[in-house]
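Laboratory data are not the source of any read-out in this text; all were calculated from the coordinates shown. Here the structure is a predicted model, which means the values were calculated and not measured. As a convention, Cβ positions derive from the backbone with ideal geometry for all residues, glycine included, and neighbour counts pool all protein chains shown.
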Amino acid sequence: MKSNFFKIFLIISFLSFPLFSQSLEPRLYSNIPKDLNFLVLGYVKSLGGLELNTQLDLDNVKMDVDGAVLAYARGLDFFGKSAKIDVVIPYIFIKGDAIYNGSHIDKDIGGLGDIKSRFSVNLYGAPSLSLKDFMSYKQDFIIGTSIQLTFPTGQYDSSKLINIGRNMWAAKFGLGASKRFDQLIVELAVDGEFYSKNSSYFNGNSYEQDPVYSFQSHLIYTLKGGVWIGADANYYIGGMSKINGISKDNSLENSRFGAVVAFPISRYDSIKITASRGISTRVGTDFSTLGLFYQHRWGAGL
């Protein structure tokens, strides 16, 4: 029974829930039993350049971003393939200062962020299984795809320079692969995120952003006692913005790396700790992040 518990934890322990746009997301295409539910409560703290400052003419940005996240996911059977759907609700606090057009500004705000929802399905190597059948499943090679929608639910005021939300819809399309080598799992993923127009931008202007394309890689190693650790890296480009149709020289060409450790505290509960920081940054997103997450699982006969 104890070995079965550890096997369940190692394979379905922590799902990926994005809080910021270019989050590092290991285990995005892991197989999970159908009808299994996940509830995640998390706290993320970011220090440095504000992630959304690619929209703004800001210099010397020093921002602290604190994010609380509530997320839910459920394993599904999609025509015999393993799939899942998730919803992420963030609440974000921003405090800091910057230079705008030569003038010093400071900000201290908090509010609901942009809600995200994603559907992912494993196309190869991860059949839909009940929890009982899942016990005899052993991962080899998985190929999966996903679509994530971002809803403009975040706090937004067009008369304010800095906002919690972006007042833009977004759709992210992803493709990934995961290969297991005994205790080591290697994952690769690519995605592209596309944005709607913000017609209520600061001071009555309109704002548009080119798609952002990213590549992620993850190394995940399983230890004794149901613990796993991971190392992550990504690279993303694009995202040049236009204000009133005029392009700005602010395309992204950035990369980040991170680390993660996850461990069980009971059959139903687990903890994950994450850390990441920028490796190279051309425009914006120059920040370091720490995260702490608690996950509870139920259903599917668990």
Legend entry - Inverse mean reciprocal Cα-Cα distance (Kirkwood Rh) of the chain, Å: 19.9 Å
Legend entry - Rounded to whole Å, sorted largest first: equivalent-ellipsoid semi-axes of the stretch 95-252, Cα gyration tensor: 39, 18, 16
Inset, instruction - Mind putting a number on the dipole of the stretch 2-298 about its Cα centre? Charges go on the C-beta only, +1 for Lys and Arg and -1 for Asp and Glu, and I need it in Debye to the nearest 20. - result: 1080 debye
Inset, instruction - Using a Gaussian network model of the chain whose springs link C-alpha atoms within less than 10 Å, name the residue from GLY96, GLY154, GLY245 with the highest mean-square fluctuation. - result: GLY245
Inset, instruction - Please name whichever of ALA231, ASN250, ASN203 sits farthest to the positive end of the charge dipole of the stretch 162-302, dipole taken about the Cα centre and charges placed at Cβ: Lys and Arg +1, Asp and Glu -1. - result: ALA231
Legend entry - Anchor LYS84: aspartates and glutamates whose Cα lies under 12 Å away (excluding residues fewer than 8 positions away in-chain): ASP35
Legend entry - Charge-dipole axis of the stretch 104-258 as Lys and Arg at +1 and Asp and Glu at -1 on Cβ define it, positive-most pick from GLN216, ILE109, LEU175: LEU175
Inset, instruction - Return the tail of the calculated pair distribution for the stretch 162-302, meaning the percent of Cα-Cα pairs more than 18 Å apart. - result: 69 percent
